[in-house]
2 protein chains.
Amino acid sequence: MSHISKEISEVAHEMGLQQGDWIPYGIGKAKVRLEVAQQKPRSSGARYVLVTAINPTPLGEGKTTTAIGLAMGLCDMGQRAVVTLRQPSLGPVFGIKGGGTGGGKAQLEPMHDINLHLTGDAYAVAASHNLLAAFTDNHLFHGNELSLDPRSITWPRAMAISDRALRHVTVPGHNQVKGREAQFVITEASEVMAILALARDRSDLRQRLGRIFVGMTTSGKPVFAEDLRCAGAMEVLLQEALLPNLVQTSEGTPALVHAGPFGNIAHGNCSVLADEIALRHADYVVTEAGFGSDLGAEKFFNIKCRVSGLVPNAAVVVATLRALKLHGGGGTVKPGRPLPASLTDPNRQALEKGLDNLAQHIANIRTYGVPVVVAVNAFPEDSGDELEWVRTRALDLGAAGASVSTHFQEGGKGASDLAQTVIRVADQPVRYTPLYKDTDTIKGKIHAIATSMYGAGQVAYDPQAERDIERATQLGFSHLPICMAKTPLSLSHDPLLKGRPTGFTIPIKEVRILSGAGFLTAVCSGMQLMPGLPKVPAGEGISLDHETGEIRGLR
Amino acid sequence: MSHISKEISEVAHEMGLQQGDWIPYGIGKAKVRLEVAQQKPRSSGARYVLVTAINPTPLGEGKTTTAIGLAMGLCDMGQRAVVTLRQPSLGPVFGIKGGGTGGGKAQLEPMHDINLHLTGDAYAVAASHNLLAAFTDNHLFHGNELSLDPRSITWPRAMAISDRALRHVTVPGHNQVKGREAQFVITEASEVMAILALARDRSDLRQRLGRIFVGMTTSGKPVFAEDLRCAGAMEVLLQEALLPNLVQTSEGTPALVHAGPFGNIAHGNCSVLADEIALRHADYVVTEAGFGSDLGAEKFFNIKCRVSGLVPNAAVVVATLRALKLHGGGGTVKPGRPLPASLTDPNRQALEKGLDNLAQHIANIRTYGVPVVVAVNAFPEDSGDELEWVRTRALDLGAAGASVSTHFQEGGKGASDLAQTVIRVADQPVRYTPLYKDTDTIKGKIHAIATSMYGAGQVAYDPQAERDIERATQLGFSHLPICMAKTPLSLSHDPLLKGRPTGFTIPIKEVRILSGAGFLTAVCSGMQLMPGLPKVPAGEGISLDHETGEIRGLR
């Protein structure tokens, strides 16, 4: 019920969608039918631009804002642009970080709707996910014909809200079945969410759901969702959720919002179907991957591009002065507290040192054969000298282009230099190379990510992780790519290690089989797939103003 | 994505809604703005008709189908009719009973959408509910400033799916807080769902959320959602869910679907706001209460009417030959199996005996001063003689009117006799009297329901229930009405006691404080607020046909 610039019918029309191609969902929201993606050819010469970032402060560096600003800037240049983004999660909205719809003059509309329920996709994902959990425990209850070993069940339950208490619960036993531990993950970390994001069409969605690994029989055979006769109903629950959601930027640029965020504990990319639809209706498709090039972008290149066959023409790395200074030892950031002056005031020494972090991210992207544009996202209090100095240094560090961007304050106009740079760089030839081969071992793949992307010296495996890898290999899943679960706040696994650490050891506590999504999740020690709330959750400050009908405190 | 007869804009227009009064949500669904309820006066002389039933077989006796058929029949007579119903629950849809959108030629459209997600209200309710649970455990984790006693916490979590394993889980302890038991209820049994159904406006919704009882401090003071600073965010999550959903019957009659079913474990009535909106746009508003007059209708009269101030002009009691024969000892019904011939073939002896059950339901309704119409819902295999015999006997038993209705086979045309009877009877004067006074004690109220509505001799309380009643009384909640949790399959607490049992003892195992919803839930022994799935859940047979795009197996 928040503000919108244009009627959604106008946005759809400007994007080139016909009347029957989209379905209205409330004010300013629509779902796009999949036939649009399947029937029309891709725009010839359409450019596909990934937006990623350096390791952020806990406040975020405006990556979503930059993706939106860039799309608006491209439109200002007369280009047809569409931005594809992830649906925000209720966890951060009511927890620490707030919403995920950009900010300032570079936002998505209708902001509140998108931050809350959008069109209900995440709920449909959770219902589909939890139906399989209920079917699994029900199977145990009614005689356990499949001889499923209760202790082997790895399928968790999913919950829309950050709820620390649900990380490890015990469900009671019955008959001959002992009580056992059951986990909850936040919906965005659900394998079903990843399946929604990676499915190429309905038939692919259905097959992936059937391939979900649930656990093992007592005689050592894998049990899948298909064996529990649940995949058909799971697909029915996702029938509408599979359709990408059309909304708009604060300047009326078409935006497709689809699938979940959390590039730290999930793959954290927008859906393949949203990108495919966008590439049929734009000269430039700007898409965002969660957190830095060590997380969302790494997964974009090695998981999403493997599935979609799409190759980006350029990648934008977003950097801010405050984050670079943080990496250079200039101070610390605490959520909910004002930034220290050492991060906001000029501090060339910290900035210089922090550039090391940017250097790694530029190098990471270049590993894939894709040219890099650095976007220095300017805050009002930033020094113009420092902004320009970082821009120049980025070119020295291997960026094919670099621009200071003021879209937060000025909208698309503020991103015009960035847009021009992207247009120039995205014309360069790309020779896409994934980081590892399907045939590499599981440990080989994890090693490649840890050393090349993070700068680690080696990887250490807990006994559980060793057992997980052995089992995944025995079951024939070693060909799958890896989805790392790691903190976004450092290139390493340790959030306190800023800058560009080297030689550290990445500790892996477990490796989960997500055979429906088509990857293995390697979880670094200390990472949780269900976040907790802070002492004062953001939700405490969120309320409805009954006089105006406006939502207060939701950002 | 299922079939619809009319565009939803046409349905809205015919109902008298203006352009800005409603918001489209997908194909054939819309939300109606609350201003419609708040600004326009009620239609003068609008009649309010409740549809209830005798104790059903596990298959249901077509109460929803009859409510829909009656509304269509009234339209055929040139009356403006609106039917108000509850949103079906995913639990039964994927479990035993199937969907809740009527059947045959008396259905709601779009059927699949309504049975699955509708506009996401139930998910918003669960998110709002679970946010309070997360806030509560988070409060314990971060120092427990309120000195909340963990063992006293009664606020459960909510889940959209029937999942037996979640009835009693153990969440781990931390710091000085011990691990404790945590319950999950199905979303429809959530207090937040009841609050959505009973709220008179936004301000009332907000106040009710704040009044939710969570648990006690170690010094014996009650802790509410307001104390946990969660109610504002809970309201924001419900902002759109509070708007009733407009859909249509298979003949294009306007239907408002809002709030949850489950008249056994919840109050199980459609929302007050849906009824208020309908009463401003119709000559006849047909609303349905869950299960028999012992459950949904009892709660309609003693909970919903207390809040809304609305009084029905007539109540329709739906009866079927098969259910009456079941009550008369004619055979047993098992879900998923064909009915025995002793229930489908003529069996006057069983029918005669089973009439006792109908007699109690007629008497129950008359207790409230409301005239009764008996609708004998005809199945194709039913004997015409028997149908007519039951119709006549119903008049002897105190019904002000009785009709045989064939809406399942014939749509509104088949309900024309029923519609005429309702028109006649609803013109009679009503002298509404609730069953008990606010000032009666908790046990006094439970006794009144058990003896007058069920035919019980007495009520027995488990020690837990005794403690619960003592606490609720001490905390000043004894003025609240009672919401019983009892099997729908018998007038008693025992599903096997058919007909009209007398003299039995109703066993109460616990009494829950739902101070936000504004009632106390008295749970009979053996009742669960989270259903389990059967050995072969309906979900196993539900799938999407990729050729046609149709959903199979969802009824």
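Taking every C-alpha pair closer than 8 Å and separated by at least 6 residues, the mean separation divided by the residue count of region A:121-237 gives a relative contact order of 33 percent. Taking all protein chains as they are arranged and a probe of 1.4 Å, the heavy atoms of B:Leu397 leave approximately 50 Å² accessible to solvent. With the convex hull of its Cα atoms as the shape, the protein assembly as shown has an orientation-averaged projected area of 40.2 nm². Ranked by the mean number of other Cβ atoms within 10 Å of their residues, highest first, the peptides A:292-301, B:106-115 fall in the order A:292-301, B:106-115. What the Cα atoms of region B:121-237 give is an Rg and a Dmax of 14.0, 42 Å. Could you tell me what percent of the accessible area of region A:121-237 is made up of carbon and sulfur, with a 1.4 Å probe and every protein chain present? The computed percentage sits at 47. Across the copies of the chain, A:Gly384 has label points (7 Å from Cα along Cα→Cβ) spaced 9.4 nm apart, shortest distance listed first.
The dipole here belongs to the protein assembly as shown: it is taken about the Cα centre, uses +1 on the Cβ of Lys and Arg and -1 on the Cβ of Asp and Glu, and is about 1680 debye.
Mean sequence separation of contacting Cα pairs (under 8 Å, at least six apart), scaled by the length of region A:58-199, corresponds to a relative contact order of 21 percent. Largest to smallest in accessible area, the residues B:Glu276, A:Glu410 fall in the order A:Glu410, B:Glu276 (1.4 Å probe, all protein chains included). In the protein assembly as shown, taking the dipole from charged Cβ atoms about the Cα centre, the farthest positive-side position among A:Leu108, A:Gln474, A:Val236 is held by A:Gln474. Expressed per residue, the C-alpha convex hull volume of region B:1-88 stands at 142 Å³. If you take the Cα centroid of region B:466-531 and the Cα centroid of region A:21-69, the two points sit 51 Å apart. Pairs of Cα atoms nearer than 8 Å and 6+ residues apart set the relative contact order; for chain A it is 21 percent. Among beta bridges from DSSP that stay inside chain B, the antiparallel ones total about 45%.
Taking a point 7 Å out from the Cα of A:Glu181 in the direction of its Cβ, the residues of region A:114-151 whose backbone N falls within less than 15 Å of it are A:150-151. The label point for B:Lys437 and the one for A:Thr332, both projected 7 Å from the Cα toward the Cβ, are 6.5 nm apart.
Can you give the accessible area buried between chains A and B, summed over both chains, with a 1.4 Å probe, in Å² to the nearest 100? Approximately 5700 Å² gets buried when A meets B.
At a cut-off of 20 Å², which residues of region A:231-251 become less accessible once all protein chains are present than in their chain alone, using a 1.4 Å probe? Buried by the other chains: A:Gly232, A:Ala233, A:Glu235, A:Val236, A:Leu237, A:Gln239, A:Glu240.
Over every Cα atom in chain A, the radius of gyration and the widest Cα-Cα span, Dmax, amount to 22.5, 72 Å. Going by Cα centres, region A:267-317 and region B:425-444 are how many Å apart? So the two Cα centres are separated by 63 Å. Each copy carries a label point for B:Pro534 at 7 Å from Cα along the beta-carbon vector; from one copy to the others these points are 5.0 nm apart, nearest first. Applying 1/(1 + (r/R0)^6) with r as the Cβ-Cβ distance of B:Glu7 and A:Glu550 and R0 = 25 angstrom yields a FRET efficiency of 0.20. Ligands, DNA and RNA excluded, the heavy atoms of B:Asp396 present near 110 Å² of accessible surface to a 1.4 Å solvent probe.
Net length available on complete extension from B:Lys535 to B:Ser342 is 66.9 nm, with 0.36 nm assigned per residue and the Cα-Cα distance removed. Note on B:Lys63: accessible area is roughly 20 Å² with a 1.4 Å probe, heavy atoms of protein only.
The distance separating the Cα centre of region B:126-174 from that of region B:233-265 comes to 27 Å. Among the residues of B:18-26, the average count of other protein chain beta-carbon atoms within 10 Å of the residue beta-carbon is 3. In straight Cα distance, which lysines are under 28 Å from A:Lys413, not counting same-chain residues fewer than 8 positions off? List returned: A:Lys6, A:Lys29, A:Lys63, A:Lys97, A:Lys105, A:Lys325.
Distances over 18 Å make up what percent of all Cα-Cα pairs in region B:406-527? That fraction is 61 percent. Ranked by the mean number of other Cβ atoms within 10 Å of their residues, highest first, the peptides B:167-179, A:351-363, B:249-261 come out as B:249-261, A:351-363, B:167-179. Dipole check for chain B: with +1 at the C-beta of Lys and Arg, -1 at the C-beta of Asp and Glu, and the Cα centre as origin, the magnitude is about 1060 Debye.
Treating r as the C-beta distance of A:Leu475 and B:Asn144 and R0 as 51 Å, the FRET efficiency rounds to 0.70.
Each of B:Tyr48, A:Ala126, B:Ile4 was placed along the dipole of the protein assembly as shown (beta-carbon charges, centred on the mean Cα), and the one lying farthest toward the positive end is A:Ala126. Annotation: the antiparallel percentage among DSSP beta bridges lying fully within the protein assembly as shown is about 45.
Starting from the label point of B:Asp345 at 7 Å along Cα→Cβ, the same points in the other copies fall at 9.8 nm, in ascending order. Legend: mean number of C-beta atoms from other chains within 10 angstrom of residue C-beta atoms, peptide B:107-115, equals 1. Note on surface exposure: B:Arg211, B:Arg280 rank B:Arg211, B:Arg280 by accessible area, highest first, 1.4 Å probe. With a 10 Å cut-off around each Cβ of A:170-176, the average count of Cβ atoms from other chains is 4.
Farthest toward the positive end of the dipole of region A:141-182, out of A:Pro172, A:Ser162, A:Ser147, is the Cα of A:Ser162, where the dipole comes from beta carbon charges about the Cα centre.
Label separation (A:Gln39 vs A:His174): 4.8 nm, computed from points 7 Å beyond Cα along the C-beta direction.
Counting only lysines at least 8 places from A:Lys221 when in the same chain, those with an alpha carbon closer than 30 Å to its own are A:Lys178, A:Lys299, A:Lys304, A:Lys437, A:Lys443, A:Lys445, A:Lys509, B:Lys535. Rounded to the nearest 20, the Cβ-based charge dipole of region A:453-527 about its Cα centre (Lys and Arg +1, Asp and Glu -1) stands at 220 debye. Which residues in region A:138-180 have a backbone N closer than 15 Å to a point placed 7 Å from the Cα of A:Lys221 along the Cα-to-Cβ line? Correct set: A:144-149. In the context of the full set of protein chains, residues of region B:442-524 present 34 Å² of accessible surface per residue (probe radius 1.4 Å, heavy atoms only).
The values are calculated or read from the model by the stated rules, or taken from the named source; none is laboratory data. Just so it is clear, the structure is predicted and the values come from calculations on it, not from any experiment. Quick reminder, even Gly has a Cβ in these numbers, built from the backbone with ideal geometry, and neighbours come from all protein chains shown. Areas reflect the complete protein model, heavy atoms only, side chains present, ligands, DNA and RNA absent. Shrake-Rupley method; radii C 1.70, N 1.55, O 1.52, S 1.80 Å.
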